[in-house]
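Here is the structure we will look at, set down as structure tokens.
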Amino acid sequence: MEPKIPENAYPILKARYLRPGESPGEMFERVARAVSQAELLYGPASKAREWEERFYEVMFNLEFLPNSPTLMNAGTPLGQLAACFVLPIEDSIEEIFDSLSLMAKIQKTGGGTGFSFSHLRPKGDVVKTTNGKASGPVSFMRVFDCTTDSIKQGGKRRGANMGVLSLNHPDVEEFITCKLDKESFQNFNISVACPNHFFEEVKRDGEVELINPRDGKVWRRVKARELFNLMARSAWESGDPGILYIDEINRHNPTPELGRIEATNPCGEVPLLPYEECNLGSINLSKLVEGGQINWDKLKELVEVGVRFLDCVIDVNKYPDERIERMAKGNRKIGLGVMGWAELLIALKIPYDSEEALKLADRLMGFINKVAFETSCKLAEEKGSFPNIKRSIYRGKKVRNATRTSIAPTGTISMIAGTTPSIEPLFAIAYIKRVLDGRPVIQVDPFFLKYAGRMLTEEELLKVIKTGSIRDLKGIPEEIKRVFATALDISPQWHVKVQAVFQKHVDNSVSKTVNMKKETTVEEVKKVFMLGYKLKLKGITIFRQGSKNGVIEFGIKEGIKPEDLIKFAPCSCER
């Protein structure tokens, strides 16, 4: 018997996840067996077998899935199971290239890496050992980018990085604009680490100091609004940079005595100290709807299993470096999150951009976070607290994991689970996609086909692919239009509100895209960045339609005839 994997997920499963001759069910058996071996460190073999069966069950039912490296590598000689890493970049050639080498090892096993380049001296600064001039952080980012370009994660996918620079670094303008050509740094997401005082200076039209990290001297002062405008303009044009609300991140740092957090993993959902890693997993919310209601008892069980599974990963993982192993086992950070939020709302007939949805998000993520913490405390009684607890905010308590929750993008695992990614809304009801032989076909959203109760006519399809939305179609009931809201139907402010409600109940951070229409102005981007600060997000990323290459667009392009689209439409509908 095999799990009910969606047909469109099989090619990616075969290409990235399955071992030669392995079926999806056998993959889940391999993963459950490997991860449950951690139980042998704390109890009898019978207990490990019990948890192996439970881990297999939740994966087989597509109710919970771990991050991609766990699915790829558990039970294999590679054995590296974590998705997220942050490595230090210190101000010497030796330390820079030590991190570069370690990055290559991590990406080879399927992990993504984040870096703060804020400690590197600025361009033009003196290099005493050679009597030369420093080339600056952006030049060294290029070295990391080129190296990543030569490595496929796990031999199967391109590497991913997060590059962070402090707002107060003298090279911050160069950093902010480094992706404007839309060709450079394609293996990097970039974010500016902005302290709270920066946003206050923007409000009052004040100045900020740009400081050389080598000696702490102020190089110059610039208008806060000028920097803010540059960030908003660059994000409007290219989708980068994002913003890390770095003071809010450190306000929730569970181990402040171990250091200040300066960077995150590539998608921003896990802020980490240098050499820290984190393994992630997500609960499929669409599996919780029974009779038009959420099964809260089932959710509680899935949280308990998910936390235990991710904690076990820490013990069976094969680490790429002893410094990473020491931090991982010292803090035992995990990140349990969700996928299928949009499908859950559709199944309950709740519009994504509604107060009812915000209330449900508040209750649901609050519940998950509470149960995750309680489970971690029970695990601490059974297996012991994380070793660094005396240097943490949990001093005097018994807690197994320094962090428990995080919301990742879940791009591939949500495909395997057959649900919507993360907490994102539907991307589009219909759009044009070219199949392998180059033919243009209409791709219709599978969740619209599953839940709408009606098919779109050929005439309606042609209208929908111009915008991706059904909002302007006549003859469709208003309640269907509201429930099937797409990413661009939803205002940017509502995207931020949804992220903020989830963030309130997440230990780590939330990866979420604020989608914006093509005609969005730079001023609107600035409002979104300020709203993220006001609502106490830890990070924010915007994507304006048309601002990045290689992203699906709407509309009938030149040389594509409507009759060609209709002819192939039935082939593209995922049922």
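The values are calculated or read from the model by the stated rules, or taken from the named source; none is laboratory data. All values derive from a computational prediction rather than experimental measurement. Here the Cβ positions follow ideal geometry from the backbone for every residue, glycine too, while neighbour counts run over all protein chains shown.
Quick one: would you say E57 is surrounded by fewer than 19 Cβ atoms within 10 Å (Cβ to Cβ), out of contact with any strand residue (DSSP E or B) (no Cβ under 6 Å at 6 or more places or on another chain), more than 30 Å from E381 (Cβ to Cβ) and of a type outside the set (G, A, S)? Give the derivation first.
Details: surrounded by fewer than 19 Cβ atoms within 10 Å (Cβ to Cβ): yes; out of contact with any strand residue (DSSP E or B) (no Cβ under 6 Å at 6 or more places or on another chain): yes; more than 30 Å from E381 (Cβ to Cβ): no; of a type outside the set (G, A, S): yes.
Here the answer is no, as E57 does not meet what is asked.
Residues K397, K378, K390: which one is in a loop (DSSP other than H, G, I, E, B) and free of Cβ contacts under 8 Å to residues at least 24 places away in the same chain? Break it down stepwise before answering.
On the way: K378 fails: in a loop (DSSP other than H, G, I, E, B); K390 fails: in a loop (DSSP other than H, G, I, E, B).
From the options K397, K378, K390, the qualifying one is K397.
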G281 vs (1) part of a helix (DSSP H, G or I); (2) under 30 Å from E39 (Cα atoms); (3) under 23 Å from the mean Cα position of the chain (by Cα); (4) not β-branched (V, I, T): all pass except (1)
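What number of residues in the stretch 96-128 are in contact (Cβ under 8 Å) with a residue 24 or more places away in the chain and either closer than 18 Å to K333 by Cβ or not in a helix (DSSP H, G or I) (or both)? Step through it out loud before you land on a result.
First, the residues of the stretch 96-128 that are in contact (Cβ under 8 Å) with a residue 24 or more places away in the chain: 96, 100, 102-123, 125.
So of that shortlist, the ones also either closer than 18 Å to K333 by Cβ or not in a helix (DSSP H, G or I) (or both) come out as 106, 109-123, 125.
So the answer is 17.
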Of (1) acidic (D, E); (2) more than 29 Å from the chain's Cα centre (by Cα); (3) not in a helix (DSSP H, G or I), D489 satisfies every one except (2)
Which of (1) at pLDDT 55 or above; (2) within 16 Å of F427 (Cα to Cα); (3) over 20 Å from the mean Cα position of the chain (by Cα) does F543 not meet, given it meets every other one?
(3)
Residue satisfying all of: in the stretch 492-519; more than 14 Å from P409 (Cα to Cα) and basic (K, R); farthest from the chain's Cα centre (by Cα) among these
K518
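Matching residues to (1) surrounded by 21 or more Cβ atoms within 10 Å (Cβ to Cβ); (2) under 20 Å from the mean Cα position of the chain (by Cα):
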{"position": "K217", "(1), (2)": "no, no"}
{"position": "V222", "(1), (2)": "no, no"}
{"position": "D240", "(1), (2)": "yes, yes"}
{"position": "A263", "(1), (2)": "yes, yes"}
{"position": "P274", "(1), (2)": "yes, yes"}
{"position": "L285", "(1), (2)": "yes, yes"}
{"position": "N295", "(1), (2)": "no, no"}
{"position": "R308", "(1), (2)": "yes, no"}
Given the conditions (1) more than 30 Å from I314 (Cβ to Cβ); (2) of a type in the set (V, I, T); (3) under 22 Å from the mean Cα position of the chain (by Cα), every one holds for V138 apart from (3)
Name the helices (runs of 4 or more DSSP H) wholly within the stretch 10-95 that hold at least 1 residues that are in contact with a Lys or Arg (Cβ under 7 Å, 6 or more places away or on another chain) and either closer than 23 Å to V305 by Cβ or of a type outside the set (S, T, N, Q) (or both)?
45-60, 68-73
Taking the stretch 128-181 and the residues there that are in contact with a strand residue (DSSP E or B) (Cβ under 7 Å, 6 or more places away or on another chain) and farther than 28 Å from I540 by Cβ, the one that is modelled with the lowest pLDDT would be K152
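When you go through E63, E53 one by one, which is the residue that is in contact (Cβ under 8 Å) with a residue 60 or more places away in the chain and among the acidic types (D, E)?
Details: E53 fails: in contact (Cβ under 8 Å) with a residue 60 or more places away in the chain.
So the residue among E63, E53 that is in contact (Cβ under 8 Å) with a residue 60 or more places away in the chain and among the acidic types (D, E) is E63.
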So, N515, is that one in contact (Cβ under 8 Å) with a residue 12 or more places away in the chain, under 19 Å from G242 (Cβ atoms), touching a His at 6+ places or on another chain (Cβ under 9 Å) and outside any loop (DSSP other than H, G, I, E, B) or not?
yes
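With the requirement that a residue be among the aromatic types (F, W, Y) and either farther than 27 Å from E277 by Cβ or in contact with a His (Cβ under 8 Å, 6 or more places away or on another chain) (or both), what does the stretch 331-364 give you? I'd like the intermediate steps shown before the answer.
Our first condition is that a residue be among the aromatic types (F, W, Y); within the stretch 331-364, this holds for 341, 352.
Answer for the stretch 331-364, where residues must be among the aromatic types (F, W, Y) and either farther than 27 Å from E277 by Cβ or in contact with a His (Cβ under 8 Å, 6 or more places away or on another chain) (or both): just Y352.
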Restricting attention to the stretch 282-295, does a residue exist that is under 26 Å from I324 (Cα atoms) and assigned by TED's automatic domain parsing to the domain that holds F60?
yes
Out of the residues in the stretch 6-54 that are of a type in the set (F, W, Y) and crowded, with 17+ Cβ neighbours inside 10 Å, state the one that is farthest from S414 (Cα to Cα).
W51
Go through the stretch 24-60 residue by residue and tally those that are of a type outside the set (D, E, K, R) and out of contact with any helix residue (DSSP H, G or I) (no Cβ under 9 Å at 6 or more places or on another chain).
2
The stretch 93-113, subset buried (at least 17 other Cβ atoms within 10 Å of the Cβ) and among the polar types (S, T, N, Q), residue nearest to the chain's Cα centre (by Cα)
T113
Which pairs do you get when a residue that is closer than 19 Å to S547 by Cβ, found in the stretch 488-505, comes within reach of a residue that is modelled with pLDDT of 95 or more and of a type in the set (F, W, Y), reach meaning Cβ atoms under 7 angstrom, with the pair 6+ apart or on two chains?
I490/Y352
Filter pass, E209 being among the acidic types (D, E) and surrounded by fewer than 18 Cβ atoms within 10 Å (Cβ to Cβ)
yes
Would you please name the residue that is surrounded by the fewest Cβ atoms within 10 Å (Cβ to Cβ), looking only at residues in the stretch 310-357 that are of a type in the set (G, A, S) and either in contact with a strand residue (DSSP E or B) (Cβ under 8 Å, 6 or more places away or on another chain) or within 18 Å of G281 (Cβ to Cβ) (or both)?
A347
Among the residues of the stretch 548-567, is any surrounded by 15 or more Cβ atoms within 10 Å (Cβ to Cβ), among the aliphatic types (A, V, I, L, M), modelled with pLDDT of 95 or more and out of contact with any His (no Cβ under 6 Å at 6 or more places or on another chain)?
no
Scan (1) modelled with pLDDT under 95; (2) closer than 22 Å to R332 by Cβ for the single condition Q37 breaks and write down its number.
(1)
